[in-house]
1. Would it be correct to say that H116 is in a strand (DSSP E or B), modelled with pLDDT of 95 or more and either open to solvent by less than 30 Å² (accessible area, probe 1.4 Å) or not polar (S, T, N, Q) (or both)?
2. Give me the pairs, please: first residue somewhere in the stretch 24-36 and at positive phi and part of a loop (DSSP other than H, G, I, E, B), second residue anywhere and open to solvent by 20 Å² or more (accessible area, probe 1.4 Å) and modelled with pLDDT of 95 or more, beta-carbon distance under 7 Å, and either six or more positions apart or on two chains.
3. Which one of these is out of contact with any Ser or Thr (no Cβ under 7 Å at 6 or more places or on another chain), closer than 22 Å to S12 by Cα, touching a residue at least 40 places away in the same chain (Cβ under 8 Å) and surrounded by fewer than 19 Cβ atoms within 10 Å (Cβ to Cβ): V83, V111, V72?
4. Limited to the stretch 25-39, what total is found for residues that are under 26 Å from P219 (Cα atoms) and surrounded by fewer than 16 Cβ atoms within 10 Å (Cβ to Cβ)?
5. How about the stretch 68-79: which of its residues are under 11 Å from L39 (Cα atoms) and of a type outside the set (A, V, I, L, M, F, W, C)?
6. Which condition does I103 not pass, out of (1) in contact (Cβ under 8 Å) with a residue 24 or more places away in the chain; (2) in contact with a helix residue (DSSP H, G or I) (Cβ under 9 Å, 6 or more places away or on another chain), if it passes all the others?
7. Tell me which residues, restricted to the stretch 185-208, are closer than 24 Å to R20 by Cα and in a loop (DSSP other than H, G, I, E, B).
8. Among the residues of the stretch 167-186, is there at least one that is among the hydrophobic types (A, V, I, L, M, F, W, C), buried (at least 24 other Cβ atoms within 10 Å of the Cβ) and in contact with a Ser or Thr (Cβ under 8 Å, 6 or more places away or on another chain)?
Amino acid sequence: MTRVGVVTFPGSLDDRDALRAVRTMGGEPVSLWHRDRDLHGVDAVILPGGFSYGDYLRAGAIAGRAPVMESVVAFAGRGGAVVGICNGFQILCEAGLLPGALIRNHQLRFVCRVVHLRVETSTSVLTTECSAGDVLDIPIKHGEGQFVATRDELRRIEDDGLVLFRYSSPEGELGGRFNPNGATDHIAGLRNDRGNVCGLMPHPEHAVDPDVGPIGGQPLFESLLAHALESLPA
């Protein structure tokens, strides 16, 4: 059984949801604390949503330098699967594991609704059970979800196929009216070059139980649980 560690930072609020989603999808959830330097032998790590350290300075800025992140960065460097959700995506960018940054939504308002995500690649630990072009329905809830990057970073992101998801219509069409926060190039999620580090603003942990909403998160957790072990070196 795949053991997935979920880090709790002061201010995390979706850590329990992530733990529950791992259990619901057949994995073994492991709670990790922001001061931990030992990842307790997990096969994958999730950095959950919330407002780590109150989002002081910038969203994810302090958490990106927390003691546990030294171990997470080393784990990712060895090929370990690391997924950042919402605030976790911000933390991955702050820690230098993914390019770019997340800033205030273009309308300067918090957004909370279900969006449509177009899968851009199956080459990541989070999308191996998906196909490019699939559209998933997953909730968002954030005030700082507008992805931005330098011109050189954007060129590399596009040239190297690092975009995981884009905000789209239910049919996969791109356009401003489908983009909830003004993200550059409609980017909702990224992967690193190896595909073992993934970040996304939407919340797949809130989309695995058909009794309470959409189930667009199921294939993402299926991918993570099925392929996390493959991402680690022998």
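1. Values: in a strand (DSSP E or B): yes; modelled with pLDDT of 95 or more: yes; either open to solvent by less than 30 Å² (accessible area, probe 1.4 Å) or not polar (S, T, N, Q) (or both): yes.
Yes; evaluated as a whole, the condition is true for this residue.
2. G26/L225
3. On the way: V83 fails: surrounded by fewer than 19 Cβ atoms within 10 Å (Cβ to Cβ); V72 fails: surrounded by fewer than 19 Cβ atoms within 10 Å (Cβ to Cβ).
From the options V83, V111, V72, the qualifying one is V111.
4. Count: 3.
5. As a first pass, look at the stretch 68-79 and keep what is under 11 Å from L39 (Cα atoms): 68-72, 74-75.
Of everything in the stretch 68-79, those that are under 11 Å from L39 (Cα atoms) and of a type outside the set (A, V, I, L, M, F, W, C) turn out to be E70, S71.
6. (2)
7. N196, M201, P202, H203, A207, V208
8. First pass over the stretch 167-186, keeping only residues among the hydrophobic types (A, V, I, L, M, F, W, C): 174, 178, 183.
Retained after the next criterion (residues that are buried (at least 24 other Cβ atoms within 10 Å of the Cβ)): none.
No: the stretch 167-186 contains no residue that is among the hydrophobic types (A, V, I, L, M, F, W, C), buried (at least 24 other Cβ atoms within 10 Å of the Cβ) and in contact with a Ser or Thr (Cβ under 8 Å, 6 or more places away or on another chain).
The values are calculated or read from the model by the stated rules, or taken from the named source; none is laboratory data. Source: prediction; values computed, not measured. Methodologically, a virtual Cβ is constructed for each residue, glycine included, from the backbone with ideal geometry; neighbour enumeration extends over all protein chains shown. Heavy atoms of the whole protein, side chains included, go into the accessibility calculation; ligands, DNA and RNA do not. Shrake-Rupley method; radii C 1.70, N 1.55, O 1.52, S 1.80 Å.
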